[in-house]
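Read through the structure below, which is laid out as structure tokens, and then see the notes.
The values are calculated or read from the model by the stated rules, or taken from the named source; none is laboratory data. What you see is a predicted model, and the numbers here were worked out from it, not measured in a lab. Don't worry about glycine lacking a Cβ; one is built from the backbone with ideal geometry, like all the others, and counts go over all protein chains shown.
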Amino acid sequence: MQATDIQTTKKNIPLYLRSFRMAAWLGWQIESNWTDPFLFAIYSIIKPLAGAAILVVMYSVITSGDFASPIFSYIYLGNAFYMYVGAVMSGISWAVLDDREHYKTLKYMYVAPINIPAYLIGRGVAKFLVGSISVIITIVFGVLFLHVNVDPLAINWPLFLISLVIGIVMLAMMGLILAGISLLIVQHVWFIGDAVAGALFLFSGAIFPLEVLPVWLRPFGFIMPVTYWLELLRRSLVGRVAEAFPTLSALNNLQLIGILLGLSILFGIVAQFLFRYCEHIARERGLIDMVTNY
Amino acid sequence: MSNNPYSTPQVLSHQEGGRPLEVDRLHKNSGWRLYFQTVIARAYPRIIGQQREKSWLFFDILLPLLSVCAYVFVYRAIKAPEDYIGFVVVGGAMTAFWMNVLWSMSSQLYWEKEQGNLALYIMSPTSMMAVLLGMALGGLLATTLRALVIIVLGSLFFHVQYAVVSFVQLFAVFILAMFALYGLGMMAASLYLLLSREAWHISNLAQEPIYLFSGFYFPIKNFSFWISAISSIIPLTLGLDAMRQLVFKTGPSLGFVSVGVEILVLSILSVVFLFGARLMLAYMEKLAIREGRLTENRR
């Protein structure tokens, strides 16, 4: 067996954990140390709030500020939690291009005693943390100023936490799939993460119920785990308000968790095999240390 | 025989006592000829080179189109009047210009610095203003093609109805908005000469807030007068508002100020930004040279 194969296939929990932990620290440094903490905090807050504000103004213009309507909570919460999708997925897949093309360190990662998938998932942690701050601030802003119907005492916390954890793992697996594909693509196709996130934004009913989509597009939404994840998060936070929308009203919470778990496991298996396959091809073609900056 | 003046036969002729090497060299342009040659040379990769990479064409159209679709469905979900669907399609197409100015104009000198080209630009006997004008011209033409495709596809998908009041005014608004916008981009590019790793983050930050305050997806009249007035510093704000007034039935009733006033302000902004770009570029170039930032590569 080749030395490089040992690093990525060895079943070694401490190795995974060490790779993950160090990558998370490295990712955090890259994300945050370009400026002082105050500016970084401002930067982390303005972008997501502005994104949410676009939807708020659009909604306000048409409904004359009827923020108490259930559809507003649906749109606002879906948009807030969707920030995780871009952050986690792009955070993991972007690390491949960043390390290979910008820092030119991916080849060193491959000869270091680390587990590459664990390392890449660790690199996504920084964006997950920044994304979490954005999500919390957006929701708190909505509750305080826009009458989003989230009552901390009425939240179904167990459902919320279980859904959140499964969803984040699912997003990490989707990020790993993109990371595998990124090993085979050139630098200038950096927008692949944005394209997938954009497509999911459209098809997962993040900011509008799936019934609004043309009939022939709805099946795309139903095979996406993000659709079920967002529905569970909404139900856990705003209960019957979320259940009022017909898209998944026939399914109870347990069924939704089952579907989300099943799809997450499926994506996890696909991620595992696809990443290994892409990694193999990348090695065969000498792409691990190739700089495609033309 | 090769036309290359440095090919072997010419070098040999010099060694053999022929005409001096200087006479055999390529003719070199200077003055305004060099200026326009530089503009065309820098515009070339933007127009021709980008079209060669089919994946860029595809994704440059797909990504804004996905956002347009999402916002259109939000309006449909809250039962907005049909003209708002058109507002989103036109606004979505115009995001292509903002993205181009942000990432391919403002940030461009930062990328050139990262790749080591910036020092070569400065060393060359041409004007940096010509380089920036070339980038702007090439970017404008290439992006116009993409924006047109987004408008055509968006209009077809969502059956947008247009009611153009004046094609002349529409053309004038578009041209003035583009002059002012790319002038702003050239000004920003000179600022980016001084930036390092933070350039990427600043460009990234300048997306959603500008989409919000420039009213890419809704009429800016919904903001207070002063917020709309301050937002008008970004040329696309007034450009979009005027275009909506000129192409949609309900546009005039939702406009911020009259089209005539918007054309006047856009004209002023065009002159101010293009003149400002020239001044700032000269100043920033000197500053960057003095502080040794032209070849800086902080990773």
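Kindly provide the set of residues from the stretch A:182-230 that are in a helix (DSSP H, G or I), within 13 Å of chain B (Cβ to nearest Cβ) and closer than 30 Å to residue A:286 by Cα, ordered by number.
A:187, A:188, A:189, A:192, A:193, A:194, A:195, A:196, A:197
Of the residues B:172, B:177, B:229, B:147, which is farther than 29 Å from residue B:45 by Cα and either surrounded by fewer than 21 Cβ atoms within 10 Å (Cβ to Cβ) or modelled with pLDDT of 90 or more (or both)?
B:229
So, in the stretch A:35-45, of the ones that are surrounded by fewer than 18 Cβ atoms within 10 Å (Cβ to Cβ) and either in contact with a helix residue (DSSP H, G or I) (Cβ under 7 Å, 6 or more places away or on another chain) or of a type in the set (S, T, N, Q) (or both), which residue ends up nearest to the other protein chains (Cβ to nearest Cβ)?
Here the answer is A:35.
Pull up the stretch B:177-236, narrow it to residues that are of a type in the set (S, T, N, Q) and more than 11 Å from every other protein chain (Cβ to nearest Cβ), then point me to the one that is nearest to residue B:101 (Cα to Cα).
Ranking the candidates gives B:203 first.
Somewhere in the stretch B:47-58, is a residue modelled with pLDDT under 90, within 12 Å of another protein chain (Cβ to nearest Cβ) and assigned to a loop (DSSP other than H, G, I, E, B)?
Yes, the stretch B:47-58 contains at least one residue that is modelled with pLDDT under 90, within 12 Å of another protein chain (Cβ to nearest Cβ) and assigned to a loop (DSSP other than H, G, I, E, B).
Across the stretch B:272-299, what is the number of residues that are surrounded by 13 or more Cβ atoms within 10 Å (Cβ to Cβ) and either in a helix (DSSP H, G or I) or of a type in the set (A, V, I, L, M) (or both)?
Matching residues across the stretch B:272-299 total 15.
Sort out which residues of the stretch B:71-91 are free of Cβ contacts under 8 Å to residues at least 12 places away in the same chain and more than 7 Å from chain A (Cβ to nearest Cβ), and write them in order of number.
Residue satisfying the conditions is B:79 alone.
Looking at the stretch B:160-199, which of its residues are closer than 21 Å to residue B:95 by Cα and either without any contact (Cβ under 8 Å) to a residue 24 or more places away in the chain or in contact with a Pro (Cβ under 7 Å, 6 or more places away or on another chain) (or both)?
Scanning the stretch B:160-199 gives B:171, B:175, B:177, B:180, B:181, B:184.
Part of a helix (DSSP H, G or I) and either within 14 Å of chain B (Cβ to nearest Cβ) or without any contact (Cβ under 8 Å) to a residue 40 or more places away in the chain (or both), is that true of residue A:23?
No.
Report the residue count in the stretch A:146-192 for those that are within 22 Å of residue A:267 (Cα to Cα) and modelled with pLDDT of 85 or more.
26
Looking only at the stretch A:14-29, count how many residues are aliphatic (A, V, I, L, M) and buried (at least 18 other Cβ atoms within 10 Å of the Cβ).
Final tally of qualifying residues: 3.
I'd like the residue in the stretch A:273-294 that is of a type in the set (Asp, Glu) and assigned to a helix (DSSP H, G or I) and, out of all such residues, is surrounded by the fewest Cβ atoms within 10 Å (Cβ to Cβ).
In this case the residue turns out to be A:284.
Does the stretch B:223-235 contain any residue that is within 20 Å of residue B:155 (Cβ to Cβ), more than 21 Å from the chain's Cα centre (by Cα) and aromatic (Phe, Trp, Tyr)?
Within the stretch B:223-235, none of the residues are within 20 Å of residue B:155 (Cβ to Cβ), more than 21 Å from the chain's Cα centre (by Cα) and aromatic (Phe, Trp, Tyr).
Hey, among the residues in the stretch B:109-132 that are closer than 12 Å to residue B:186 by Cβ and buried (at least 23 other Cβ atoms within 10 Å of the Cβ), which one's nearest to the chain's Cα centre (by Cα)?
Out of the qualifying residues, it is B:132.
Condition first: crowded, with 20+ Cβ neighbours inside 10 Å and within 13 Å of the chain's Cα centre (by Cα). Now tell me which residues in the stretch A:189-203 satisfy that.
A:193, A:196, A:197, A:198, A:200, A:201
This table checks each residue for (1) among the aliphatic types (A, V, I, L, M); (2) within 26 Å of residue A:27 (Cβ to Cβ); (3) surrounded by fewer than 16 Cβ atoms within 10 Å (Cβ to Cβ).
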site: A:119; (1), (2), (3): no, yes, no
site: A:123; (1), (2), (3): no, yes, no
site: A:135; (1), (2), (3): yes, yes, no
site: A:149; (1), (2), (3): no, no, no
site: A:152; (1), (2), (3): no, no, yes
site: A:161; (1), (2), (3): yes, yes, yes
site: A:165; (1), (2), (3): yes, yes, yes
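Consider residue A:170 against the criteria (1) assigned to a helix (DSSP H, G or I); (2) crowded, with 17+ Cβ neighbours inside 10 Å; (3) over 16 Å from the mean Cα position of the chain (by Cα): it satisfies all of them except one. Which criterion is unmet?
(3)
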